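As structure tokens, the structure follows; a few thoughts come after it.
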Amino acid sequence: MPSAPAFKTSPTQGLLAGPDVDLASIRPRSTPGFSGGKKKGKAKLAEGNAQLSDLQEKLFAESRFGSEISLLVVLQAMDTAGKGGIVRHVVGAVDPQGVKHYAFKAPTRAEKRHDFLWRVRKQLPGPGIIGVFDRSHYEDVLIQRVRGMAEPATIEERYGIIRDFEAGLTESGTRIIKVMLHISPEEQKERLTERLKRKDKHWKYNTGDLDERQLWDEYQVAYQIAIERTATPDAPWYVVPADRKWYARIAVQQLIIDALQDMQLSWPRADFDVAAEKARLANS
């Protein structure tokens, strides 16, 4: 396998989406900051897995000695954009005891009796944990906006509630990375076609995906507005081109690595006399 080139510009800088984001100008098949192709991308993923695993273990170890910091990765995207692949190939490379993954579906009858953040709060990562949301509280300003399931004034109010909610999380020690996997309608059609062609992919196919596909433009507007309203320095959005699965995976991997490195993690110091324990072990 060829050696993996480094990102010329890290996704943390190159894919950052602020209030002035223009989704229409971002090409879903592009590979910003990375000059290699698929083979080098796979090599990059393999190299990054070892680094990510080491950082995750440090995060987990620190929590056993009193640290309260954690990381929350929010994955949002149109259907087939590759959220599951990110979970398997990126997050799946670390020790599962240090990960909390949750896939949000349509709210249950019981969940609807509470405010829209109630079920989200229950799934937040604890100290030392990397939390991954496969869809999230943003469904309440995306699908509900597109489908007219809530009044416009209610949707607008939720943007502010989300900003306050995320600000509270960061103040309590949770780093937040919000990722939109940006896929093109052409690529989505190819992936849906593959699911229909292969028996081993039929279980992934949802007839409702085509209904949502008819509202593609409306969803792009909803994502644009959501990012504009909720992108903050402490809870940033990143738009990751996702037509090339290999690129999306190494980009999200690097976002997580950068966030963990920025936490300045270290191995906890022993709270016992190491030399004395070595001597006891030798004499045992």
- Message: For segment 184-201, which positions are open to solvent by 90 Å² or more (accessible area, probe 1.4 Å) and in contact with a helix residue (DSSP H, G or I) (Cβ under 9 Å, 6 or more places away or on another chain)?
- Response: 189, 196
- Of (1) open to solvent by 30 Å² or more (accessible area, probe 1.4 Å); (2) touching a residue at least 24 places away in the same chain (Cβ under 8 Å), residue 179 fails just (1)
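A quick yes/no check of all residues on (1) at pLDDT 95 or above; (2) open to solvent by 40 Å² or more (accessible area, probe 1.4 Å); (3) under 25 Å from residue 28 (Cα atoms); (4) aliphatic (A, V, I, L, M):
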| residue | (1), (2), (3), (4) |
| --- | --- |
| 62 | yes, no, no, no |
| 98 | yes, no, no, no |
| 128 | yes, no, no, no |
| 142 | yes, no, yes, yes |
| 153 | yes, yes, no, yes |
- For residue 58: the one exception among (1) in contact (Cβ under 8 Å) with a residue 60 or more places away in the chain; (2) out of contact with any Pro (no Cβ under 9 Å at 6 or more places or on another chain); (3) open to solvent by 30 Å² or more (accessible area, probe 1.4 Å): (2)
- So residue 92 fits all but one of (1) farther than 20 Å from residue 246 by Cα; (2) surrounded by fewer than 17 Cβ atoms within 10 Å (Cβ to Cβ); what number is the exception? (1)
- Could you check segment 18-124 for helices (runs of 4 or more DSSP H) lying wholly inside it with 2 or more residues that are out of contact with any Asp or Glu (no Cβ under 9 Å at 6 or more places or on another chain), among the charged types (D, E, K, R) and closer than 21 Å to residue 255 by Cα? 38-63
- Filter the helices (runs of 4 or more DSSP H) completely within segment 205-284 down to those with at least 1 residues that are modelled with pLDDT of 95 or more, of a type outside the set (Val, Ile, Thr) and over 28 Å from residue 39 (Cα atoms). 216-230, 245-262, 274-282
- Query: Taking segment 20-39 only, how many residues are open to solvent by 40 Å² or more (accessible area, probe 1.4 Å) and on the phi > 0 side of the Ramachandran plot?
  - Reply: 0
- Task: Answer yes or no: is there a residue in segment 40-48 that is surrounded by 19 or more Cβ atoms within 10 Å (Cβ to Cβ), over 18 Å from the mean Cα position of the chain (by Cα), touching a residue at least 24 places away in the same chain (Cβ under 8 Å) and more than 24 Å from residue 96 (Cβ to Cβ).
- Result: yes
- Message: Out of 209, 243, 234, I need the residue that is of a type outside the set (Val, Ile, Thr), over 27 Å from residue 163 (Cβ atoms), touching a residue at least 60 places away in the same chain (Cβ under 8 Å) and surrounded by fewer than 21 Cβ atoms within 10 Å (Cβ to Cβ). Which one?
- Response: 209
- Message: Return the pair list, or none, for Cβ contacts closer than 9 Å from residues in segment 158-170 that are at negative phi and hydrophobic (A, V, I, L, M, F, W, C) to residues that are open to solvent by less than 30 Å² (accessible area, probe 1.4 Å) and part of a helix (DSSP H, G or I), at least 6 apart or on different chains.
- Response: 162/140; 162/141; 162/226; 162/230; 165/120
- Please enumerate the residues belonging to segment 53-88 that are under 30 Å from residue 271 (Cα atoms) and of a type in the set (Ser, Thr, Tyr). 53, 63, 67, 70
- Task: From (1) surrounded by fewer than 19 Cβ atoms within 10 Å (Cβ to Cβ); (2) touching a helix residue (DSSP H, G or I) at 6+ places or on another chain (Cβ under 7 Å); (3) in contact (Cβ under 8 Å) with a residue 60 or more places away in the chain, pick out the condition that doesn't hold for residue 17.
- Result: (1)
- Conditions (1) open to solvent by 80 Å² or more (accessible area, probe 1.4 Å); (2) under 30 Å from residue 67 (Cα atoms); (3) not acidic (Asp, Glu): number failed by residue 112: (2)
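The values are calculated or read from the model by the stated rules, or taken from the named source; none is laboratory data. Computed from a predicted model, the values in this text were never measured in an experiment. Quick reminder, even Gly has a Cβ in these numbers, built from the backbone with ideal geometry, and neighbours come from all protein chains shown. For accessibility, only protein heavy atoms count, side chains too; no ligands or nucleic acids. Shrake-Rupley method; radii C 1.70, N 1.55, O 1.52, S 1.80 Å.
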